[in-house]
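Engineer: Quick one: structure below, then a few questions.
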Amino acid sequence: MARERYGPGSAKFGNFKNYYSFYPPQARIQHIPFNLLFQKSRTIACLDVGCNSGELTFALYNAICCNAEDNETKGICKILAVDIDPDLIERAKEASTNLPIVFECIDVLSKDFECVCDSFLTQNSRNEFDIAFLFSITMWVHLNHGDEGLIRFLKKISLRAKFIIMEPQPWKCYKAAVRRMKRAKKDIFPFWNEIYFKETIENDLAKILREECSCKLVWKSKKTIWGREISLYEKIHS
């Protein structure tokens, strides 16, 4: 495929340096059902996991503000955006001027991630995020932390967010990521030969969110330009 031939190259954590040059933010923004997400007259607190250099985060902020205004929401949007790559986070910080967006370099499976999330929520007088964005991040967590790490990650997110918007990579993306690592003569992912969730990964993720995280599917998009689906989940409060 031409996209793979001229694509991003290898990156162990999905931290591609030119990511948005081949997957522009609008390709996702146009699919998000903002009308389902907002409550009136309050601040909207968001978590963007795997934010890369921030272009999509900025687009999300602008889209949320525009759609919130259309829905008579008087509050503002505040975002905590995290990524594992310090260079990408530095680029995002440099591009972020006078916006209520906090960029942090963090491993989402670390205790520090929980502390950063809780600190952000406390500073904004919130108990949870309104929305957590998981765009093309689940595969990288899965490949680097295995099945148990993937489940643990989703549980962490579901404990801290009312809504989860997830765009998972299908199994073919896993195989493509391994091929890129091999072509670059790099070590392949530590859990590649141990993961159980494979060809049915998209259904497996839905099951984890439903059965392990007490979330229900609210909405699903049409296929994006990359042939992926964006799903909206809502946490079921007991």
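Engineer: Going through the stretch 115-127 one residue at a time, which ones are charged (D, E, K, R) and at pLDDT 95 or above?
Structural biologist: The answer is 118, and nothing else.
Engineer: If I filter the stretch 127-142 for residues that are more than 15 Å from the chain's Cα centre (by Cα), over 27 Å from residue 207 (Cβ atoms) and touching a residue at least 24 places away in the same chain (Cβ under 8 Å), do I get at least one hit?
Structural biologist: Taking every residue of the stretch 127-142 in turn, none turns out to be more than 15 Å from the chain's Cα centre (by Cα), over 27 Å from residue 207 (Cβ atoms) and touching a residue at least 24 places away in the same chain (Cβ under 8 Å).
Engineer: If you scan the stretch 141-186, which residues turn out to be open to solvent by less than 20 Å² (accessible area, probe 1.4 Å) and assigned to a loop (DSSP other than H, G, I, E, B)?
Structural biologist: 168, 169, 170
Engineer: Continuing with the same structure: I need the full set of residues from the stretch 110-125 which are assigned to a helix (DSSP H, G or I), under 23 Å from residue 136 (Cβ atoms) and open to solvent by 20 Å² or more (accessible area, probe 1.4 Å), in order please.
Structural biologist: Kept after step one, since they are assigned to a helix (DSSP H, G or I), are these residues of the stretch 110-125: 111-123.
Narrowing further to those that are under 23 Å from residue 136 (Cβ atoms): 112-114, 116-117, 120.
Answer for the stretch 110-125, where residues must be assigned to a helix (DSSP H, G or I), under 23 Å from residue 136 (Cβ atoms) and open to solvent by 20 Å² or more (accessible area, probe 1.4 Å): 112, 114, 116.
Engineer: For residues that are surrounded by 13 or more Cβ atoms within 10 Å (Cβ to Cβ), in a loop (DSSP other than H, G, I, E, B) and more than 16 Å from the chain's Cα centre (by Cα), tally how many sit in the stretch 227-238.
Structural biologist: Total meeting the criteria: 0.
Engineer: Select from the stretch 214-224 the residues that are open to solvent by 60 Å² or more (accessible area, probe 1.4 Å), farther than 15 Å from residue 234 by Cβ and in contact (Cβ under 8 Å) with a residue 60 or more places away in the chain and list them in ascending order.
Structural biologist: Once the filter is applied, which keeps residues that are open to solvent by 60 Å² or more (accessible area, probe 1.4 Å), farther than 15 Å from residue 234 by Cβ and in contact (Cβ under 8 Å) with a residue 60 or more places away in the chain, the stretch 214-224 yields only 222.
Engineer: State whether one or more residues within the stretch 122-130 are touching a Phe, Trp or Tyr at 6+ places or on another chain (Cβ under 7 Å) and under 15 Å from residue 156 (Cβ atoms).
Structural biologist: no
Engineer: Now, a different point. Those residues that are within 27 Å of residue 35 (Cα to Cα) and without any contact (Cβ under 8 Å) to a residue 12 or more places away in the chain, I need them from the stretch 160-213; list them, please.
Structural biologist: 203, 207, 210, 211
Engineer: Any residue in the stretch 54-71 that is without any contact (Cβ under 8 Å) to a residue 40 or more places away in the chain, over 22 Å from residue 160 (Cα atoms) and touching a Ser or Thr at 6+ places or on another chain (Cβ under 7 Å)?
Structural biologist: no
Engineer: Working only within the stretch 187-213, note down all residues that are out of contact with any helix residue (DSSP H, G or I) (no Cβ under 7 Å at 6 or more places or on another chain), open to solvent by 40 Å² or more (accessible area, probe 1.4 Å) and either under 14 Å from residue 138 (Cβ atoms) or not in a loop (DSSP other than H, G, I, E, B) (or both).
Structural biologist: 200, 202, 203, 207, 210, 211
The values are calculated or read from the model by the stated rules, or taken from the named source; none is laboratory data. The structure displayed is predicted, hence computed values, not measured ones. In this analysis, Cβ positions are derived from the backbone assuming ideal geometry, glycine residues included, and neighbour counts consider all displayed protein chains. Ligands, DNA and RNA are excluded from the accessible area calculation, which covers all protein heavy atoms including side chains. Shrake-Rupley method; radii C 1.70, N 1.55, O 1.52, S 1.80 Å.
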